[in-house]
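These notes are about the structure you will find just below.
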Amino acid sequence: MSPFYNELQFAPLNEILTTASSIRDKNWGRTITYSRKVFVPLTNMCRDTCGYCTFVKHPSDSDARIMTPEQVLKEAKKGQKKGCKELLFSLGEKPELRYKEAKNALGFLGYKNMTDYLADMCQLIISETSLLPHVNAGTLSDNEIDKLRPYSASMGMMLETISKRLSKKGMPHFACPDKMPLLRIRTIRKAGEKRVPFTTGLLIGIGETWDERIEALEMINLLNKEYAHIQEVIIQNFQRKPDISMSEHEEPTLEDMLRTIAAARIILDPEISLQAPPNLHERHIDYLRAGINDWGGISPVTIDFINPQHEWPEISKLKENCATVDFDLKERLTIYPKFIKERRTYLDSNLANRISILAREDGLAFEQTLEAAQ
């Protein structure tokens, strides 16, 4: 780890915010983007039991489910009517490997594993709607990436942390086989080898140290140097929820978020987009001072299933708030302009052709009026 990066923990906050903002302005200008998307939680069962997760349901829970194709398509068409251009499939990791109930539910739908079902649901979205699928399926093997790549415009998986320590007993990743850092790094690397536009990021405030955050950012940057496939990095803050084992765990402060975002902007290749969720802190506009250039996915249709107690901001209001600090809010697609320019490398032809219709000349999305799409 670079000694300079370690010093970011103690440097005057305004100093590193100024540095990070100048990097952002030089490379991204005063435009901040977001993706108008519909979130589809294909299954909320998972073989991992993270201490901070409220999304996952045990198969014995009455709310545990795998969505049917009919339900998937219904949600997708709701999003399409509201002007969404991205459909994000979020799902628990490989529940069929741990729970017979999940395995049986998949069998009822005609599948042996969740990845095959996910690939077919992506294909359904492509054939029946104008949306672009993005998959957030967790750790993936070579074969699984190959199955999903023809039908997903981009993929994602939060690295979260590089700390093995957090997988020990009593820590948030204990007994979570898919949260071992080596496996997650391997997935990001394999996605790079296969030329998949990829989203990753950090979840801060779950017990990691500052040095571990810096090491995680350096690892992400190293992987991008090898494959140039990481299109965006998310800095997400842990949020307490009443129904999790970490319900009393302290949340990151605003200063902690600002310092970490700024460190990310300073460490990462400036061409990597940097985002932070706007619904997880009431002072989210301050994130602009720390160097973000993107708000991530915002849905006018579905809730934030990972943090259901936090509503998405109204897009028109967010645009007004950004304007007060001289930023212009613009809509993007799930795949960023840099990768759209090289879409024949990063996308199968069916997706490349669709993006040619949805993207403006500058690679951002054709927008409808916000009033009509809210």
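The values are calculated or read from the model by the stated rules, or taken from the named source; none is laboratory data. What you see is a predicted model, and the numbers here were worked out from it, not measured in a lab. We place every Cβ from the backbone using ideal geometry, glycine too, and count neighbours over all the protein chains shown.
Yes/no per residue for (1) surrounded by 17 or more Cβ atoms within 10 Å (Cβ to Cβ); (2) modelled with pLDDT under 95; (3) farther than 28 Å from Glu361 by Cα; (4) touching a Pro at 6+ places or on another chain (Cβ under 8 Å):
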site	(1), (2), (3), (4)
Trp295	yes, no, no, yes
Ile303	no, yes, yes, no
Glu311	no, yes, yes, no
Arg332	yes, no, no, no
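Of all residues in region 55-93, exactly one satisfies the criterion of being among the polar types (S, T, N, Q), under 22 Å from the mean Cα position of the chain (by Cα) and within 18 Å of Thr129 (Cα to Cα), namely Gln80. Being of a type outside the set (Lys, Arg), under 23 Å from Leu280 (Cβ atoms) and either surrounded by 17 or more Cβ atoms within 10 Å (Cβ to Cβ) or out of contact with any Cys (no Cβ under 6 Å at 6 or more places or on another chain) (or both) holds for only one residue in Gly170, Gly192, Gly156, and it is Gly156. The condition of being of a type in the set (D, E, K, R) and farther than 23 Å from Phe238 by Cα holds for only one of Arg195, Arg184, that being Arg195. The condition (being out of contact with any Cys (no Cβ under 8 Å at 6 or more places or on another chain), part of a loop (DSSP other than H, G, I, E, B) and over 18 Å from Phe10 (Cα atoms)) is satisfied by just one residue among Glu271, Glu218: Glu271. If the condition is being in a strand (DSSP E or B) and either within 16 Å of Arg265 (Cβ to Cβ) or touching an Asp or Glu at 6+ places or on another chain (Cβ under 6 Å) (or both), then region 24-37 contributes Thr31, Ile32, Thr33, Ser35, Arg36, Lys37.
The residues listed here are Arg265, Arg259; of these, the one that is buried (at least 21 other Cβ atoms within 10 Å of the Cβ), among the basic types (Lys, Arg) and touching a strand residue (DSSP E or B) at 6+ places or on another chain (Cβ under 6 Å) is Arg265.
Touching a His at 6+ places or on another chain (Cβ under 9 Å) and closer than 22 Å to Thr200 by Cα: is that true of Ile335 in this structure? Taking the combined requirement at face value, the residue satisfies it.
Scanning region 277-327 for residues that are within 21 Å of Ala20 (Cβ to Cβ) and assigned to a strand (DSSP E or B) turns up Asp294, Trp295, Gly296.
In region 220-263, the residue that is nearest to the chain's Cα centre (by Cα) out of those that are hydroxyl-bearing (Ser, Thr, Tyr) and under 20 Å from Ala290 (Cα atoms) is Thr260. When residues in region 329-354 are screened for being in contact with a helix residue (DSSP H, G or I) (Cβ under 7 Å, 6 or more places away or on another chain) and either under 13 Å from Trp295 (Cβ atoms) or part of a helix (DSSP H, G or I) (or both), 8 of them pass. Filtering region 283-324 to residues that are under 14 Å from Leu258 (Cβ atoms) and among the charged types (D, E, K, R) leaves Arg283, Asp286, Arg289.
Once region 12-53 is narrowed to residues that are polar (S, T, N, Q) and farther than 26 Å from Tyr117 by Cβ, the residue that is surrounded by the fewest Cβ atoms within 10 Å (Cβ to Cβ) is Asn14. When each of Glu248, Glu218 is tested for being within 20 Å of Arg184 (Cα to Cα) and surrounded by fewer than 22 Cβ atoms within 10 Å (Cβ to Cβ), the lone residue that passes is Glu218. Comparison of Arg189, Arg259 shows that the only residue that is among the charged types (D, E, K, R) and more than 29 Å from Ala11 (Cβ to Cβ) is Arg189. Is it the case that Ala228 is closer than 27 Å to Cys50 by Cα, at pLDDT 95 or above and either in contact with a Phe, Trp or Tyr (Cβ under 7 Å, 6 or more places away or on another chain) or of a type in the set (A, V, I, L, M) (or both)? So Ala228 fails the test. Taking the criterion of being touching a residue at least 60 places away in the same chain (Cβ under 8 Å), in contact with a Leu (Cβ under 9 Å, 6 or more places away or on another chain) and farther than 19 Å from Ile272 by Cβ, the residues of region 328-362 that qualify are Leu329, Glu331, Leu351, Arg354, Ile355, Leu358. Applying the selection to region 245-270, what residues are more than 15 Å from Leu217 (Cβ to Cβ), touching a helix residue (DSSP H, G or I) at 6+ places or on another chain (Cβ under 7 Å) and not aliphatic (A, V, I, L, M)? Glu255 - this is the single residue of region 245-270 that is more than 15 Å from Leu217 (Cβ to Cβ), touching a helix residue (DSSP H, G or I) at 6+ places or on another chain (Cβ under 7 Å) and not aliphatic (A, V, I, L, M). Only residues that are over 21 Å from Lys37 (Cβ atoms) and assigned to a loop (DSSP other than H, G, I, E, B) were counted in region 160-208, giving 19. Tell me yes or no: at least one residue of region 100-107 is within 18 Å of the chain's Cα centre (by Cα) and either surrounded by 23 or more Cβ atoms within 10 Å (Cβ to Cβ) or more than 20 Å from Ile244 (Cβ to Cβ) (or both). No, that holds for no residue.
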